[in-house]
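The values are calculated or read from the model by the stated rules, or taken from the named source; none is laboratory data. None of the values given here were measured: they were computed from a predicted structure. So basically every Cβ, Gly included, is an ideal-geometry build from the backbone, and we count neighbours across all protein chains shown.
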Amino acid sequence: MLKARLLDSQFFQAARHELKVAAMCVVAGFTLEFEDEQDNSRRHPEFVAIDRFSPIKIAVEVKSRHRRGVQGFNGGGDIGPGDQVDIRKSLLEAYKKDVDLPFYVFIDTNLPPADDESIWNRWMAEIRNTMLDLDAEGYANSSPANAIFFGNDPSHYLAEQEIGNDADRLWITYYVAKTPRIPHPEQDIVSRLMRAHEQRLSPPADLNEFVVR
(Lines give C-alpha, C1' and ligand atoms only; values in the text may rest on other atoms or scores of the structure.)
Protein backbone atom coordinates (compact mmCIF):
# COMPACT_ATOMS: atom_id res chain seq x y z
CA MET A 1 0.00 0.00 0.00
CA LEU A 2 2.83 2.40 0.86
CA LYS A 3 4.48 1.72 -2.49
CA ALA A 4 1.23 2.56 -4.30
CA ARG A 5 0.98 5.85 -2.43
CA LEU A 6 4.58 6.73 -3.30
CA LEU A 7 3.73 6.30 -6.97
CA ASP A 8 0.63 8.51 -6.71
CA SER A 9 1.29 12.26 -6.92
CA GLN A 10 -1.71 12.97 -4.70
CA PHE A 11 -0.32 10.88 -1.83
CA PHE A 12 3.42 11.04 -2.48
CA GLN A 13 4.27 13.75 0.05
CA ALA A 14 2.64 12.02 3.02
CA ALA A 15 3.95 8.61 1.98
CA ARG A 16 7.47 9.98 1.64
CA HIS A 17 7.38 11.33 5.17
CA GLU A 18 5.89 8.08 6.48
CA LEU A 19 8.73 6.14 4.87
CA LYS A 20 11.31 8.44 6.51
CA VAL A 21 9.73 7.97 9.93
CA ALA A 22 9.46 4.21 9.42
CA ALA A 23 13.18 4.08 8.58
CA MET A 24 13.94 6.12 11.69
CA CYS A 25 12.01 3.66 13.85
CA VAL A 26 13.80 0.68 12.31
CA VAL A 27 17.18 2.30 13.01
CA ALA A 28 15.99 2.89 16.60
CA GLY A 29 15.50 -0.86 17.03
CA PHE A 30 11.84 -1.47 16.20
CA THR A 31 10.03 -3.78 13.83
CA LEU A 32 6.91 -2.36 12.24
CA GLU A 33 3.33 -3.55 11.85
CA PHE A 34 1.47 -1.30 9.41
CA GLU A 35 -2.22 -0.72 9.93
CA ASP A 36 -4.79 -1.70 7.29
CA GLU A 37 -5.46 1.50 5.32
CA GLN A 38 -8.77 0.03 4.12
CA ASP A 39 -10.07 -0.30 7.67
CA ASN A 40 -12.38 2.67 8.26
CA SER A 41 -13.91 1.30 11.45
CA ARG A 42 -11.63 3.44 13.61
CA ARG A 43 -9.05 6.22 13.35
CA HIS A 44 -5.95 4.07 13.61
CA PRO A 45 -2.33 5.29 13.56
CA GLU A 46 0.09 4.67 10.71
CA PHE A 47 1.80 1.70 12.32
CA VAL A 48 2.76 -0.03 15.56
CA ALA A 49 6.47 -0.18 16.34
CA ILE A 50 7.59 -3.25 18.32
CA ASP A 51 10.84 -3.08 20.24
CA ARG A 52 13.23 -5.86 19.24
CA PHE A 53 14.86 -5.85 22.69
CA SER A 54 11.92 -5.61 25.09
CA PRO A 55 8.12 -6.11 25.22
CA ILE A 56 7.54 -2.41 24.48
CA LYS A 57 5.11 -1.44 21.71
CA ILE A 58 4.33 2.09 20.59
CA ALA A 59 1.81 3.57 18.17
CA VAL A 60 3.15 5.97 15.55
CA GLU A 61 1.24 8.63 13.63
CA VAL A 62 2.73 10.64 10.77
CA LYS A 63 1.48 13.96 9.38
CA SER A 64 2.92 16.11 6.59
CA ARG A 65 1.98 19.79 6.22
CA HIS A 66 0.91 20.50 2.62
CA ARG A 67 1.74 23.92 1.14
CA ARG A 68 0.47 25.39 -2.11
CA GLY A 69 2.94 24.98 -4.96
CA VAL A 70 5.17 22.53 -3.07
CA GLN A 71 5.56 18.88 -4.12
CA GLY A 72 2.73 19.22 -6.62
CA PHE A 73 0.08 20.40 -4.14
CA ASN A 74 -2.24 23.05 -5.59
CA GLY A 75 -4.80 23.44 -2.81
CA GLY A 76 -4.71 25.32 0.45
CA GLY A 77 -4.32 29.02 1.18
CA ASP A 78 -2.15 31.36 -0.84
CA ILE A 79 0.52 31.76 1.86
CA GLY A 80 4.27 31.73 1.27
CA PRO A 81 5.78 28.36 2.30
CA GLY A 82 7.93 29.91 5.03
CA ASP A 83 5.55 32.60 6.24
CA GLN A 84 3.92 30.37 8.86
CA VAL A 85 4.61 26.93 10.31
CA ASP A 86 0.87 26.45 10.86
CA ILE A 87 0.86 22.93 12.27
CA ARG A 88 -2.02 23.21 14.76
CA LYS A 89 -4.53 21.45 12.48
CA SER A 90 -2.14 18.58 11.72
CA LEU A 91 -1.47 18.07 15.40
CA LEU A 92 -5.16 18.07 16.36
CA GLU A 93 -5.88 15.52 13.62
CA ALA A 94 -3.17 13.29 15.06
CA TYR A 95 -4.67 13.61 18.54
CA LYS A 96 -7.92 12.07 17.24
CA LYS A 97 -6.32 8.70 16.52
CA ASP A 98 -7.68 5.71 18.41
CA VAL A 99 -4.72 4.19 20.26
CA ASP A 100 -4.21 2.12 23.38
CA LEU A 101 -0.40 2.21 23.34
CA PRO A 102 2.15 4.93 24.09
CA PHE A 103 1.64 7.33 21.18
CA TYR A 104 4.35 9.14 19.20
CA VAL A 105 3.49 11.76 16.57
CA PHE A 106 5.81 12.92 13.78
CA ILE A 107 4.88 16.09 11.90
CA ASP A 108 6.70 17.15 8.74
CA THR A 109 6.58 20.96 8.73
CA ASN A 110 7.47 21.11 5.00
CA LEU A 111 9.31 24.43 5.33
CA PRO A 112 11.90 25.88 2.91
CA PRO A 113 15.55 26.36 3.85
CA ALA A 114 16.02 28.96 6.61
CA ASP A 115 17.99 31.78 5.01
CA ASP A 116 18.92 33.41 8.31
CA GLU A 117 18.67 32.83 12.04
CA SER A 118 15.71 35.18 12.49
CA ILE A 119 13.54 32.92 10.30
CA TRP A 120 14.58 29.87 12.29
CA ASN A 121 13.83 31.63 15.58
CA ARG A 122 10.40 32.73 14.32
CA TRP A 123 9.49 29.17 13.32
CA MET A 124 10.63 27.74 16.68
CA ALA A 125 8.68 30.43 18.54
CA GLU A 126 5.52 29.61 16.57
CA ILE A 127 5.82 25.88 17.29
CA ARG A 128 6.44 26.61 20.96
CA ASN A 129 3.46 28.99 21.16
CA THR A 130 1.22 26.46 19.41
CA MET A 131 2.10 23.87 22.03
CA LEU A 132 1.52 26.39 24.84
CA ASP A 133 -1.88 27.29 23.39
CA LEU A 134 -2.90 23.63 23.23
CA ASP A 135 -1.68 23.11 26.79
CA ALA A 136 -3.83 26.05 27.91
CA GLU A 137 -6.82 24.46 26.16
CA GLY A 138 -6.45 21.30 28.23
CA TYR A 139 -4.47 19.04 25.91
CA ALA A 140 -1.55 18.85 28.36
CA ASN A 141 -3.74 17.31 31.06
CA SER A 142 -3.70 13.66 30.04
CA SER A 143 -2.05 14.37 26.70
CA PRO A 144 -3.16 12.16 23.77
CA ALA A 145 0.49 11.85 22.67
CA ASN A 146 3.51 10.81 24.70
CA ALA A 147 5.81 12.82 22.46
CA ILE A 148 5.55 14.97 19.36
CA PHE A 149 8.37 15.41 16.87
CA PHE A 150 8.42 18.37 14.48
CA GLY A 151 10.90 17.90 11.66
CA ASN A 152 11.92 19.28 8.30
CA ASP A 153 13.81 18.20 5.21
CA PRO A 154 13.89 21.15 2.77
CA SER A 155 15.81 19.39 0.00
CA HIS A 156 12.79 19.29 -2.35
CA TYR A 157 12.70 23.10 -2.40
CA LEU A 158 16.15 23.24 -4.00
CA ALA A 159 15.50 21.24 -7.19
CA GLU A 160 18.90 20.88 -8.86
CA GLN A 161 20.71 23.30 -6.55
CA GLU A 162 23.53 22.16 -4.30
CA ILE A 163 22.46 20.92 -0.87
CA GLY A 164 24.45 20.44 2.32
CA ASN A 165 24.60 24.03 3.54
CA ASP A 166 23.54 25.26 6.99
CA ALA A 167 20.32 26.79 5.64
CA ASP A 168 19.03 23.53 4.13
CA ARG A 169 20.01 21.17 6.92
CA LEU A 170 17.64 18.57 8.31
CA TRP A 171 16.26 19.50 11.70
CA ILE A 172 13.99 18.06 14.32
CA THR A 173 12.60 19.30 17.63
CA TYR A 174 10.34 17.50 20.08
CA TYR A 175 8.00 17.89 23.04
CA VAL A 176 7.46 15.23 25.68
CA ALA A 177 4.16 15.13 27.56
CA LYS A 178 4.38 15.52 31.33
CA THR A 179 1.13 13.63 31.89
CA PRO A 180 0.33 11.43 28.87
CA ARG A 181 -2.95 9.53 28.67
CA ILE A 182 -0.99 6.27 28.28
CA PRO A 183 2.01 6.16 30.66
CA HIS A 184 5.49 6.55 29.20
CA PRO A 185 7.38 3.29 28.59
CA GLU A 186 10.05 2.41 31.12
CA GLN A 187 12.72 3.03 28.49
CA ASP A 188 13.52 6.47 27.07
CA ILE A 189 12.02 6.01 23.61
CA VAL A 190 12.50 9.67 22.65
CA SER A 191 16.28 9.46 23.09
CA ARG A 192 16.41 6.33 20.96
CA LEU A 193 14.42 7.99 18.19
CA MET A 194 16.54 11.13 18.32
CA ARG A 195 19.70 9.07 18.11
CA ALA A 196 18.30 7.34 15.04
CA HIS A 197 17.70 10.76 13.48
CA GLU A 198 21.24 11.87 14.28
CA GLN A 199 22.63 8.73 12.67
CA ARG A 200 20.93 9.79 9.45
CA LEU A 201 22.74 13.12 9.67
CA SER A 202 26.09 11.49 10.47
CA PRO A 203 26.54 8.14 8.67
CA PRO A 204 29.06 5.71 10.22
CA ALA A 205 32.69 6.47 9.42
CA ASP A 206 33.12 3.01 7.88
CA LEU A 207 30.10 3.39 5.58
CA ASN A 208 32.30 3.31 2.45
CA GLU A 209 33.50 -0.16 3.41
CA PHE A 210 30.08 -1.59 2.59
CA VAL A 211 29.49 -2.76 -0.96
CA VAL A 212 26.03 -2.48 -2.48
CA ARG A 213 25.28 -5.50 -4.64
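Number of residues in the range 54-89 that are modelled with pLDDT of 80 or more, part of a loop (DSSP other than H, G, I, E, B) and polar (S, T, N, Q): the value is 2.
For residues that are among the β-branched types (Val, Ile, Thr) and farther than 11 Å from Pro45 by Cβ, scanning just the range 94-123, find the one that is modelled with the lowest pLDDT.
Residue satisfying both the conditions and the ranking: Ile119.
The residue pairs whose first member lies in the range 52-66 and is over 16 Å from Met24 (Cα atoms) and touching a residue at least 12 places away in the same chain (Cβ under 8 Å), whose second member is of a type in the set (Phe, Trp, Tyr) and in a loop (DSSP other than H, G, I, E, B), and whose beta carbons are closer than 9 Å, counting only pairs six or more residues apart or on different chains, are His66/Phe73.
Considering the range 122-145, the residues that are in contact (Cβ under 8 Å) with a residue 24 or more places away in the chain and under 11 Å from Arg88 (Cα atoms) include one that is farthest from the chain's Cα centre (by Cα), namely Asp133. The residues in the range 120-133 that are within 26 Å of Ala59 (Cα to Cα) and either in contact with a helix residue (DSSP H, G or I) (Cβ under 7 Å, 6 or more places away or on another chain) or of a type in the set (Phe, Trp, Tyr) (or both) can be counted, and the count is 1.
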